[in-house]
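For reference, the structure is listed below as structure tokens.
The values are calculated or read from the model by the stated rules, or taken from the named source; none is laboratory data. The structure displayed is predicted, hence computed values, not measured ones. Quick reminder, even Gly has a Cβ in these numbers, built from the backbone with ideal geometry, and neighbours come from all protein chains shown. Calculation scope for accessible area: heavy atoms of the full protein, side chains included, ligands and nucleic acids excluded. Shrake-Rupley method; radii C 1.70, N 1.55, O 1.52, S 1.80 Å.
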Amino acid sequence: MEASGSTRPAALLVLLFSLLMSLAAATGVSGKAAAAYVVYLGGHSRRDGVLSPEEASRRAADAHRDLLGAVLGEEKAREAIFYSYTKHINGFAATLEPGDAAEIAKYPGVVSVFPNRGRKLQTTRSWQFMRLERDGDVPPWSAWETARYGEDTIIGNLDSGVWPESKSFGEGEMAPIPDDWKGICQNEHDATFHCNSKLIGARYFNKGYEAAAGKPVDDALKTPRDENGHGTHTLSTAGGAAVRDAAAFGYGGGTARGGAPRARVAAYRVCFRPINGSECFDADVLAGFEAAIADGVHIISASVGGDATDYLDDAVAIGSLHAVKAGVTVVCSASNSGPDPGTVTNVAPWILTVAASSTDREFPAFAVFNRTRIQGRSLSERWLHGRGFYVIINGAEATAPGSTQKDAQACLLGSLDPEKARGKIVVCVRGAITRVEKGEAVRRAGGAAMILVNDEVSGNDLHADPHVLPAVHISYADGLILSDYIKNSKVPSGFVIKGKTILGIRPAPVMADFSSQGPNTVNPEILKPDITAPGMSVIAAWTGAAAPTDRPYDLRRVAFNVLSGTSMSCPHVSGIAGLIKTLHPDWSPAAIKSAIMTSASDLDAERNPIMNSSHAAATPFSYGSGHVFPNRALDPGLVYDMSIVDYLDFLCALGYNATAMRTFNSGSFVCPTAAMRLQDLNYPSITVHGLHAGTTAMVRRRVRNVGLPGTYTATVVKEPEGVHVVVTPAMLVFREAGEEKEFDVTFTISNPAPVTGYTFGAMVWSDGSHQVRSPLVVKIMGNE
């Protein structure tokens, strides 16, 4: 059987050539402006203590200037470079004409040249839902107790910064900062910004953002202080200290804490105010990775995303590869472009990629009309007073002069006529602008309340938002009932009933509608996302610099806020990775990743298959290996381990430049003479891509015992439809911890195949107490 994906290496060998051609083509555009590019050179040559770190960095920076100087001249090169990556990553970021970028891409030793692309930024109940606590108390068997709450693990967060005054970053009784910490508290432009023994470091990187903006940034962007709240929310979710009596707008009260509440945390601000929809730029993201690795973090959490692309043309993939080489586990968000297939990002196999799903908590509110009570969602603080009903109108009925009915139906700002909307409940259709902005449009028009109705595409996807007026968000189907009532009533009227916090919702978890899905569009042989975790209506710390809606018309300031997104699920897993690192400090990033993946569950709280938001069974393309299970992840039994050499072998098999791979690993690595098969990368999930009816494929894996001696038996708990699966050997005997064993999995496709396309199953290795589970994904091709 020919190796899956074997036709691609030749194509990938011309990656740099294709890039070179696209850059050169840009020079044909008259007056094409200079732009920022990242020039990636792989790794640094071996240093071995011959040079001091300072001298080695200085020489690397000089070499960068010399390289660019060969194209631009020495003085122009010095002016053009705004970052030199000189510690772990080898490369630089510079402002270049497209022709100059194309020219430097030709030089020996240049791995890739890519634009300074923009990227987007993608609690009190989550941890109880994941069984780390029970009714606010932490049982002795909790992963928190076992792993000492992540004590002294250092979690670095690449995001929009941090609000250091938040109670989530109070140092409490934490011990002094470890002596081997090399980070700083970068506050030269913000004297009020202080770090402590909890928040042990903070930096900012804005030169890539400045290059994209085309002008110098103001002092508000020369600080790690979080302006928009996203970074504060994600960092506190990963490693925030316990804060009692935390709630958002009076909802979801309890103790807020991060996944590793006694971990140290460090903030790396790489995201700023949006420019053309992007807050984070590649040159800054790469600088953030470089600093975090050098500072000494153990876990990097990065809730940023862009389009999936070739690994050596991707700042997150490059930065995370260097981090993993240094022993740092990298956790990233899967992105929020679901439920469409093939939208998952951050797909490099050395990244732990996290999807988003619900917990068993909801914030229901109700719309009442025509003796009907419809449940929706809301976090509104204000509610209607009195017992009388209010007139209900569609937004289109209150169209302001100069606006269209379509705009008014969507409740765009300025589209509603106060003479027609005042004192009424206005029905607004989702889309075009943010959900909370629609409420602001109603408020400005004097409306009493808003009922937000999903369009057909949004279906059942509901959100609890902190609206600026009484409001409730209802489904498309319920919206049709409401619309029919309005059309057929002379004076339609109703009421909006205040929301509340409800626990024990079933089913749970349910996959979030927005969570990006597989298959992996870069390498279908690698299943992505890897895992799912809570990412809907997550309560966590917030900045004091922005409103909970992050809108200028909202003057509220809160200590905690509710957000949804894979940005929220990512730090949950980062915190759990921190717990594992504390308990097993010698484990590799791949071992930590394997422990989280193989201990996950594809069943919900009632032991039924995890569902999606359309009430259909979800697949591994939604949740990867399943929902994270922290208590099991600390003691997985077996792990699928890998080193940096495994990842370099994988890149060689993809056809990436062998010289670049050697440079990356300090000159000591050589691509194997016989390229590995892509499906044989020692990944915890198993994917076989592109098989035909009647054919057979074999995949090899290697597991390491991280528990007591024992005998593990393989069980194929579910065969993919139309596929017969055999594991050889079916039993593995481990006589000591650390021992490794190989096994093969053979897939035979029925002839004729009953299905084509993707089909899913699972296998488990068990010794009676551990369940080491791997999803199986098979792509069956048609015979046409």
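Just a few scattered comments:
- Accessible surface comparison of ASP530, ASP602, ASP484, probe 1.4 Å, protein chains only, largest first: the order is ASP484, ASP602, ASP530.
- Spatial separation of Cα centroids for region 169-193 and region 133-161, in angstrom: 20 Å
- Spin-label model distance (nm) - ASP137 vs THR756, 7 Å beyond Cα toward Cβ: 6.0 nm
- When you restrict to C-alpha pairs under 8 Å that are six or more residues apart and normalise by the size of region 364-499, the relative contact order lands at 34 percent.
- Solvent exposure ordering (accessible area, 1.4 Å, most first) of ASP295, ASP635: ASP635, ASP295
- Estimated translational diffusion coefficient (Stokes-Einstein, Kirkwood radius over Cα pairs, 37 °C, 0.692 mPa s) of the chain: 120 µm² per second.
- Between the beta carbons of ILE505 and ALA33, assuming R0 = 51 Å, the FRET efficiency works out to 0.45 to the nearest 0.05.
- Normalised by 2.2 N^0.38 Å, with N the number of residues, the alpha-carbon radius of gyration of region 667-767 equals 1.25.
- Pairwise FRET efficiency - ALA213 versus THR192, Cβ, R0 = 30 Å, nearest 0.05: 0.75
- Region 560-607-region 206-266 distance, computed between alpha-carbon centres (Å): 19 Å
- Helical contribution to [θ] at 222 nm, DSSP H n ≥ 4, -39,500 (n - 2.57), averaged over the chain, rounded to 500: -6500 deg cm²/dmol
- Spin-label model, THR434/VAL733: points 7 Å from Cα along the beta carbon direction are separated by 6.3 nm.
- Computed E for ARG557/ARG700 - FRET, C-beta separation, R0 56 angstrom, nearest 0.05: 0.50
- Normalised by 2.2 N^0.38 Å, where N counts its residues, the alpha-carbon radius of gyration of region 374-452 equals 1.01.
- The solvent-accessible area of HIS724, taken with every protein chain present and a 1.4 Å probe, is close to 100 Å².
- Cα-based shape type of region 501-554, given that a ≥ b ≥ c are square roots of the gyration tensor eigenvalues and the cut on a/c is 1.5: oblate
- Pairwise centroid distance, computed over Cα atoms, of region 708-781 with region 442-489, Å: 48 Å
- Length-normalised contact order for region 35-115 - Cα pairs under 8 Å, 6+ apart - percent: 48 percent
- For region 613-739, the Kirkwood estimate of hydrodynamic radius, built from reciprocal distances between every pair of different alpha carbons, is 17.8 Å.
- Each residue, LEU708 and GLU74, gets one label point 7 Å from its Cα in the Cβ direction; the gap between the two is 6.9 nm.
- Net length available on complete extension from THR673 to HIS385 is 96.0 nm, with 0.36 nm assigned per residue and the Cα-Cα distance removed.
- Semi-axis lengths (Å, descending) of the ellipsoid that matches the C-alpha gyration tensor of region 327-380: 38, 14, 7
- Surface share of carbon and sulfur [accessible, 1.4 angstrom probe, percent] for the chain: 50 percent
- Contact order normalised by residue count of region 464-600, Cα under 8 Å, 6+ apart, percent: 19 percent
- Nearest-10 value in Å² for the accessible area of TRP163, using the 1.4 Å probe: 50 Å²
- Accessible-area value, TYR83, 1.4 Å probe, nucleic acids and ligands omitted, Å²: 20 Å²
- Set of lysines near LYS198 by C-alpha distance (under 27 Å), chain-local residues within fewer than 8 positions excluded: LYS87, LYS167, LYS182, LYS222, LYS325, LYS581, LYS593
- Close Lys pairs in region 364-499, defined as Cα atoms under 22 Å apart and 8 or more places apart or on different chains, number 13.
- Equivalent ellipsoid semi-axes, region 364-499, via Cα gyration tensor eigenvalues times 5, rooted, Å: 19, 16, 15
- Annotation: cysteines of the chain without a disulfide-compatible partner (Cβ-Cβ under 4.7 angstrom) are CYS332, CYS570.
- Accessible heavy-atom area order of MET661, MET174, MET698, highest first, probe of 1.4 Å: MET698, MET174, MET661
- In units of the rule-of-thumb radius 2.2 N^0.38 Å, region 564-609 shows an alpha carbon radius of gyration of 1.34.
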